[in-house]
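One structure is given here, and the rest of the page talks about it.
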Amino acid sequence: MQNIQLYNTLSRKKEIFEPLHAPHVGLYVCGPTVYSDVHLGNCRTFISFDLIYRYLMYAGYKVRYVRNITDAGHLEGDRDEGDDKFAKRAKLEQLEPMEIVQKYTLGFRDVMRMFNTLPPSIEPTATGHIAEQIEMVKEILANGFAYEVDGTVYFDVEKYNKDHNYTLLTNRNLEEMLANTRELSGQDDKRGRLDFALWIKAKPETLMQWPSPWGWGFPGWHIECSAMSSKYLGQTFDIHGGGMDLAATHHTNEIAQSEACNHVQPAKYWMHTNMLTVNGTRMSKSAGNGFLPGELFTGDHPLLNKGYSPMTVKFFMLQAHYRSTLDFSNEALDASEKGFRRLMSAMNLLPKLHAGETSDFDVQGLKLRFEQAMNDDFNSPVAIAELFEAVRWINSIYDKKAQISEQDLLELRTFLPVFVYDILGLQDEMSQSGDFQEVMDLLINIRQAAKENKDYVTSDKIRIGLTEIGIQLKDSKEGTTWTKI
Ligand code: AMP
Ligand code: ZN
């Protein structure tokens, strides 16, 4: 078992990862709100947790990974105000709310597949767990931490904070928070400014509503994650994750609700991913700077010089640590595209290497350093730097400028694909399709025929054109072969 250290937002430091019931690990990540397409910022968070999920499995843990789908109860404002996002979108697109949910859930899964992320073990939906949410609200009411006003149930933050620490996760000062929150007006039903809704009374025109002990209504946003995480992972489980923007409100409220209901902390470790930014501003739907993955792949966006493949984009993200911000730029993506190609070319050379007498480089050391980087709070940029060390050696061995022993070559061929494909979750896009080899054969045959006809303009056009897209042709007595550069 690897000795993993992870940064726990709760303690604000790195801790040795000790699961509650090893080798089993419970991992809960807040999933997408499926009222519109996910943008690339959302994808960064899910790609980061995919890496964490994959590495925990590599480290020998049996992980139950729960990532929810928010398909109800998310109002536009964070403070239980504004329109319901699903109802608004349904009206706009002239669809049923559940058609909106289906459309954007399928779209989200397509994008996750394109990025080669593993599906979670369970993908529960808020609308599928209304009964569990109602039960939890009942329990919180019974424990005296909530109150009902005319069909809406609010969580009583000040009461809770008397014998608990409401701002445990972010360590903020409650007095300051109160000072920065809008004063209640005569129209507010809440008693305290920081109180939040557990259950919201429906208006007659509300499209998605369910019966409850407090009349027809719908759940507040935060309660779904408390209900679903405890249902599938237990009242206390190992890791709860999400984007950093969720810590101050959504996760803070989740902790309060779960404590008020079950009298225990919901998660032992809280992990938060940092934001993808554009020119320093957080990418978000509301800021209007949210690239859709499709726009990035085609290049059809005013900020893009060209399109980038899903693996280039994923590699770009993995080259930053999940707790650092990552700023989007064409230059950075260009560099990632080159780097990714170099890595894939070396991976393709791996089966073609020949063993020599001894090894000029320390294969075991490289493996250890990769693992050390990943054990240090999943430090993928350092781990990738180690892979580039391997790339340099593979190229030198292939060019006969260095050598590797039989045993080390076997070792390298065993762990390198595991690191690249299983842990980082990268894919060689060019060899993904069986059609690709057929297309290459066709081009090689046309070039051969052109050469035989002394039509060097055509044959050069094919060779140079392929080089420009990263494919090198090699002519030999046996015929022409191709490699990626
Ligand atoms: P949402 O669909 O808005 O609920 O967001 C889904 C996930 O994406 C949440 O975990 C957010 O914290 C995360 N997220 C939103 N914006 C960004 C961003 N710019 N960079 C990274 N993660 C983000
Ligand atoms: Zn959540």
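We did not get these values from a lab; they are worked out from the coordinates using the rules stated. Treat the numbers as computed from the prediction; the structure is a model and nothing was measured. Heads up, the Cβs are rebuilt from the backbone with ideal geometry, glycines too, and the neighbour counts pull from every protein chain shown.
Brief remarks follow.
- Count Lys and Arg as plus one, Asp and Glu as minus one, and take only other residues whose Cβ is under 11 Å from that of Gln257; the net charge is then -4.
- Counting only residues at least eight positions apart within a chain, or on another chain, the aspartates and glutamates with an alpha carbon under 13 Å from that of Lys400 are Glu357, Asp360.
- Relative protection proxy for 408-414, 131-137, 318-324, from highest mean packing down: 131-137, 318-324, 408-414 (other beta-carbon atoms within 10 angstrom).
- Which listed pairs, of Lys201/Lys285; Lys85/Lys338; Lys138/Lys203, have C-alpha distances above 32 Å, in listed order: Lys85/Lys338
- Three-way shape label, segment 49-188, alpha-carbon gyration tensor, a/c 1.5: oblate
- If you take the Cα centroid of segment 443-485 and the Cα centroid of segment 135-154, the two points sit 72 Å apart.
- The chain shape via C-alpha gyration tensor axes, a/c threshold 1.5: prolate
- In this Cβ point-charge picture (+1 for Lys and Arg, -1 for Asp and Glu), segment 379-485 has a dipole of about 500 debye about its Cα centre.
- Working from Cα pairs under 8 Å separated by at least six residues, relative contact order for segment 1-111 is 27 percent.
- Debye, to nearest 20: dipole size of the chain, +1 on Lys, Arg Cβ, -1 on Asp, Glu Cβ: 800
- Segment 155-188 versus segment 342-368: alpha-carbon centroid distance in Å: 57
- Packing rank of 82-90, 298-306, where each peptide gets the mean count of other beta carbons within 10 Å, highest leading: 82-90, 298-306
- Positive-end extreme of charge dipole, the chain - chosen from Gly470, Ala287, Tyr65 (charges on Cβ): Gly470
- For the chain, the relative contact order works out to 16 percent when only alpha carbon pairs closer than 8 Å and six or more residues apart are counted.
- Bridges between two residues of segment 1-157, per DSSP, are antiparallel at a rate of about 55%.
- Projecting the Cα positions of Gly241, Gly192, Ser309 onto the charge dipole of segment 163-318 (unit charges on Cβ atoms of Lys, Arg, Asp and Glu, taken about the Cα centre) puts Ser309 furthest along the positive direction.
- Spatial separation of Cα centroids for segment 189-220 and segment 313-327, in angstrom: 39
- Charged neighbours of Thr9, selected by a Cβ distance under 13 Å, balance to +2 (K, R count +1; D, E count -1).
- From most to least packed by mean Cβ count within 10 Å, the peptides 274-284, 457-467 give 274-284, 457-467.
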